[in-house]
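The values are calculated or read from the model by the stated rules, or taken from the named source; none is laboratory data. Source: prediction; values computed, not measured. Positions of Cβ are generated from backbone atoms using ideal geometry, with glycine treated the same way; all protein chains shown enter the neighbour counts.
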Amino acid sequence: MLRLRTTVARLRPLAASRATPSRSRPGGAAARTLKTSAEPFLNGASSNYVDEMYYAWLENPGNVHKSWDAFFRNAHQRPPPPGGPPVGRVVGSGPSVEKLVEDHLAVQSLIRAYQVRGHHVAKLDPLEISCVDLDDAPCAVGFQNVGLYGLAEEDLDKAFRLPTTTFIGGGEGSLPLREIIRRLETAYCQHVGVEFMFINDVEQCRWIRSKFETPGVMRFSLEEKRTLLARMVRATRFEEFLQRKWSSEKRFGLEGCEALIPALKTLIDVSSQSGVESVVMGMSHRGRLNVLANVIRKELDQIFCQFDSKLEAADEGSGDVKYHLGMYHKRMNRVSDREVTMSLVANPSHLEAVDPVVQGKTKAEQFYCGDAEGKRVMSILIHGDAAFAGQGLVYETFHLSDLPSYTTHGTVHVVVNNQIGFTTDPRMARSSAYPTDVARVVNAPIFHVNADHPEAVMYVCKVAAEWRSTFHKDVVVDLVSYRRNGHNEMDEPMFTQPLMYKRIHRQKGVLQKFAEKLIGEGVVTLQEYEEEVARYDRICEEAYARSKDEKILHIKHWLDSPWPGFFTLEGQSKSMTCPPTGISEEELVHIGSIAASVPAEDFTIHGGLSRVLRGRANMVDQRVCDWALGEYMAFGSLLTEGTHVRLSGQDVERGTFSHRHHVLHDQNVDKRVCIPMNHVSPDQAPYTVCNSSLSEYGVLGFELGFAMASPNALVLWEAQFGDFHNTAQCVIDQFISCGQAKWVRQNGIVLLLPHGLEGMGPEHSSARPERFLQMCNDDPDVFPTLSADLAVQQLHDCNWIVVNCSSPANYFHVLRRQILLPFRKPLIVFTPKSLLRLPEAKSSFDDMLPDTHFKRLIPDGAADPAKVKRVVFCSGKIYYELIRERGNRGLQEEVAVVRVEQLSPFPFDLVKAETDRYAAADLVWCQEEHKNQGYYDYVKPRLRTTVGHARPVWYAGRDPAAAPSTGNKATHLAELQRLMDAAFSGKV
């Protein structure tokens, strides 16, 4: 039933006034009523406007605009004006102009009501139990309810002129009310429900109306119907085959929403016809195997062999369950006769976590192929209904859709709407009427469709693909379906949804219903249908037999983003060496001059920024660099060498701490900016620096996806403060730390996390190093075999790299090393805050010249081993505080301070060299973080392994605490003094 609470409330006073119809003759009061009724269309015209129009038309129809002439001709029962064509007579007893005009307005309101809320009465639920109550208002449409609009049953056969806001006429200017309602019911109240009237773009709304209101739009050729049947056969029989062979295995099958397969194939077909060459997809586990088999067209034997528990893993890492794996495949699309590359991105059980990853990968592919409008590369995201409504990441991803540096120029979102989330029904799972309401925030049209009607699904997906191609905006297809089994094949859904599953058990399968329909229409014969089923069953059986020959599981066959040319055929990197990361002084000076430059004479920069640029120029003259300039040197040199650099995050253009200033703003001209980094060299790679939305989860996922697309790019995400990464913890835990182990998916993304305890409170102090170090895979109890290439071998074997650089030069080197390594690993950098401007925290150009490299450990070059009584190992900014305190205490000869710059993989060889060098000295690990945080729990066992457990390792730092830092400056300084006492004079 269509519930029109708002519309009915607005119309009831008007309907009540019609209880005593006006008996006045045409003109006079009737004309005034006409004026009042037409006010919504007059846009502020004078009060006598309608009177004058009406009298002028009575004198001569040529006196008024043709639209008013047509209106009065249709509405007024009178002889035709002299010389004019016959006026269409209104069936009935000659109503007044007042009644006629009001009836036309009522009909227009009725048409709009269907457009706005017709989806509420559409037959969307295959189970016909629709457990979501959309509204409590009474039904307000249908032949029996025309009275709510002041119309009577006898008006059903009267002709009414159609407004320009509808396409139901199909070229006819007027229709009987009965036919108007019938066509509106066909357009909006059958098996498709369309939500679009909230869109504020008139042209977009007209486009959608034309696609659903035009009579006869949902017609298909015999060939299209036969293709659709074949796709339904494959989707259905694939699940049935798996059920027969592995009835006790989890597979998260698609039963109940088999129409997803032809839906995706239709999207790809239509998009390919419009020029799309690459489709990047993301989805959770339900239906993934079916999508891999029948959309991506992964070899069936490779899928079936995944069910063999005896299969040995040939590849590195832990692997993952079969319904999490991704795939990449290029094949010919037979509908468009064009090659299409399709990739399905690997995804963990965190259902929507893959959404921004897909968007980032899509954006990268568009960027690298010069697809500035998204005409060649597109993304499709497949969601579950409960997750789509419940996961905040969906909202974050939608809000990236129109941002210049993040847009993918339109994504098609397909919701597999099972009407249940595990065991939770929608009444308990969301507050909105539909799971798709979140898409309204970006004005994305939403097409609900009954998934038990494949033709309706196919048409809706065709329109969705055309929408994306036409407007390059997001669109949502809501496949309203059900889940024939429980959450997985081992689950018993009757425990919690007994009535729903009683209905499901009686529900005839969609393939059977669709086949019977097409056989009844004569599209196919029963024999042809049975032959199609037998043909696919035979394909599955043959693949099953081949799968028995597989003895080894090759996860590398399931890569979602292969990097051709970066690896050898065997999948290994080309070498195990890393060249020096330094550059020539000439290049340092050149990049430094660019960093200190002003764009043009007529470009006015802020006075404070002028001082910053002059400071940079002075540093170049003095052959030194601070943290910001060291980063500039790294980025600029990589750009010159052809490596694309992308830096993303909140406020990264200026830098949270006002140190970077990579985007200069003209103080007098709005939106006039300059990015000097893009003018380092004539043939350089592009530099992308972009402030992000106030999101961590979504944006970090996006940048991870961007880094997937190519190994030849330095992609960095910077947190506003290091601890803010915790709202993106899912991406870190599920993709970054373990992505290679699960999916053999190398990724070189860099996380820049400002870190340092400076008395700024618990939320602006710690990037939580302990969490990253706890997830490192190097063994604390195994001292590695020493070799010339140990440093690179360790990097190759680790799951990610964790560093805390204490000098700009080392930061410069670690960024360059990230690209010059022959493989890719995620890099976690704890970046400083106070060191950004600390005079001592500067590096000489000498530390960045050719033949220099990243220092995993920086020894104390001034200490005399024979005199040293204590070796203090540390990392990060605490080094400068230790050096200052050591000088104040006059302990330069007794205490050596050694900086561990690379925490993981742990530099066992270099640490051993230092412990051997100071064989008689006490060993202390000093950190500014609390004892239960920071690096201590990670470093201590590795130090003990290095010295063979022959010497103790003492701790100097803050006591254990629940919060990462105090917010009281005096308390902070007192804690700092205590840890200094422990480092230099504490009992050991």
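Looking only at region 735-747, which residues are over 16 Å from Val699 (Cβ atoms) and either in contact with a strand residue (DSSP E or B) (Cβ under 7 Å, 6 or more places away or on another chain) or in a helix (DSSP H, G or I) (or both)?
In the first step, residues of region 735-747 are kept if they are over 16 Å from Val699 (Cβ atoms); the result is 737-746.
Hits for region 735-747 are Gly739, Gln740, Ala741, Lys742, Trp743.
If you filter region 539-574 down to residues that are of a type in the set (S, T, N, Q) and at pLDDT 65 or above, you find that the one that is surrounded by the most Cβ atoms within 10 Å (Cβ to Cβ) is Ser561. Residue count for region 391-427, restricted to those that are more than 24 Å from Lys361 (Cα to Cα) and small (Gly, Ala, Ser): 1.
Over 28 Å from Ala346 (Cβ atoms) and touching a Ser or Thr at 6+ places or on another chain (Cβ under 8 Å): which single residue out of Leu511, Leu499, Leu518 fits that description? Explain how you work it out, then say what you get.
On the way: Leu499 fails: touching a Ser or Thr at 6+ places or on another chain (Cβ under 8 Å); Leu518 fails: touching a Ser or Thr at 6+ places or on another chain (Cβ under 8 Å).
Selected residue: Leu511, the only one of Leu511, Leu499, Leu518 that is over 28 Å from Ala346 (Cβ atoms) and touching a Ser or Thr at 6+ places or on another chain (Cβ under 8 Å).
Sort through Val699, Val731 and tell me the only one that's crowded, with 24+ Cβ neighbours inside 10 Å, β-branched (Val, Ile, Thr), within 23 Å of Ser379 (Cα to Cα) and in contact with a Ser or Thr (Cβ under 6 Å, 6 or more places away or on another chain). Let's see the steps before the verdict.
Working: Val731 fails: in contact with a Ser or Thr (Cβ under 6 Å, 6 or more places away or on another chain).
The conditions single out Val699.
The requirement of being over 30 Å from Arg286 (Cα atoms), surrounded by 14 or more Cβ atoms within 10 Å (Cβ to Cβ) and modelled with pLDDT of 90 or more is fulfilled somewhere in region 186-194, by at least one residue.
Could you tell me which residue of region 325-358 is modelled with the lowest pLDDT, considering only residues that are among the hydroxyl-bearing types (Ser, Thr, Tyr) and either in contact with a His (Cβ under 6 Å, 6 or more places away or on another chain) or farther than 30 Å from Glu696 by Cβ (or both)? If you could, list the steps in order and put the result at the bottom.
First, the residues of region 325-358 that are among the hydroxyl-bearing types (Ser, Thr, Tyr): 328, 336, 341, 343, 349.
Next cut, either in contact with a His (Cβ under 6 Å, 6 or more places away or on another chain) or farther than 30 Å from Glu696 by Cβ (or both) only: 336, 341.
Values: Ser336: 90, Thr341: 93.
Here the residue is Ser336.
Part of a loop (DSSP other than H, G, I, E, B), surrounded by 24 or more Cβ atoms within 10 Å (Cβ to Cβ) and modelled with pLDDT under 95: does that describe Gly256? Before the answer, list the steps.
Numbers: part of a loop (DSSP other than H, G, I, E, B): yes; surrounded by 24 or more Cβ atoms within 10 Å (Cβ to Cβ): yes; modelled with pLDDT under 95: yes.
Judged against the criteria, Gly256 is a match.
If the condition is being without any contact (Cβ under 8 Å) to a residue 40 or more places away in the chain and within 42 Å of the chain's Cα centre (by Cα), then region 911-955 contributes His930, Lys931, Tyr936, Lys940. One residue stands out among those in region 946-988 that are crowded, with 20+ Cβ neighbours inside 10 Å and of a type in the set (Val, Ile, Thr): the one that is nearest to Arg870 (Cα to Cα), which is Val953. Do we have any residue at all in region 708-725 that's within 25 Å of the chain's Cα centre (by Cα), farther than 13 Å from Lys825 by Cα and of a type in the set (A, V, I, L, M)? Yes, the conditions are met somewhere in region 708-725. When only residues in region 220-250 that are in contact (Cβ under 8 Å) with a residue 40 or more places away in the chain and basic (Lys, Arg) count, which is nearest to Gly509 (Cα to Cα)? Among those that are in contact (Cβ under 8 Å) with a residue 40 or more places away in the chain and basic (Lys, Arg), it is Arg237. Val871 falls short on exactly one of the conditions (1) in a loop (DSSP other than H, G, I, E, B); (2) under 20 Å from Phe906 (Cβ atoms), and that condition is (1).
Any residue at all in region 277-297 that's in a helix (DSSP H, G or I) and over 25 Å from the mean Cα position of the chain (by Cα)?
So in region 277-297, the residues in a helix (DSSP H, G or I) come out as 288-294.
Filter once more, keeping what is over 25 Å from the mean Cα position of the chain (by Cα): none.
Looking through region 277-297, none of the residues is in a helix (DSSP H, G or I) and over 25 Å from the mean Cα position of the chain (by Cα).
Taking region 259-269 as the range and being outside any helix (DSSP H, G or I) and either more than 12 Å from Asn290 (Cβ to Cβ) or not assigned by TED's automatic domain parsing to the domain that holds Val335 (or both) as the test, no residue passes. The set of residues in region 582-615 that are touching a Phe, Trp or Tyr at 6+ places or on another chain (Cβ under 8 Å) and within 14 Å of His659 (Cβ to Cβ) contains only Ala595.
Restricting Gly636, Gly649, Gly607 to residues that are at positive phi and out of contact with any Cys (no Cβ under 7 Å at 6 or more places or on another chain) narrows the list to Gly649.
Residue-by-condition table, conditions (1) assigned by TED's automatic domain parsing to the domain that holds Met708; (2) at pLDDT 95 or above; (3) in contact with a His (Cβ under 8 Å, 6 or more places away or on another chain):
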{"site": "Arg816", "(1), (2), (3)": "yes, yes, no"}
{"site": "Ile819", "(1), (2), (3)": "yes, yes, no"}
{"site": "Ser834", "(1), (2), (3)": "yes, no, no"}
{"site": "His853", "(1), (2), (3)": "no, yes, yes"}
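Being in contact with a Ser or Thr (Cβ under 6 Å, 6 or more places away or on another chain) and modelled with pLDDT of 95 or more, is that true of even one residue in region 662-674? No, because not a single residue in region 662-674 is in contact with a Ser or Thr (Cβ under 6 Å, 6 or more places away or on another chain) and modelled with pLDDT of 95 or more.
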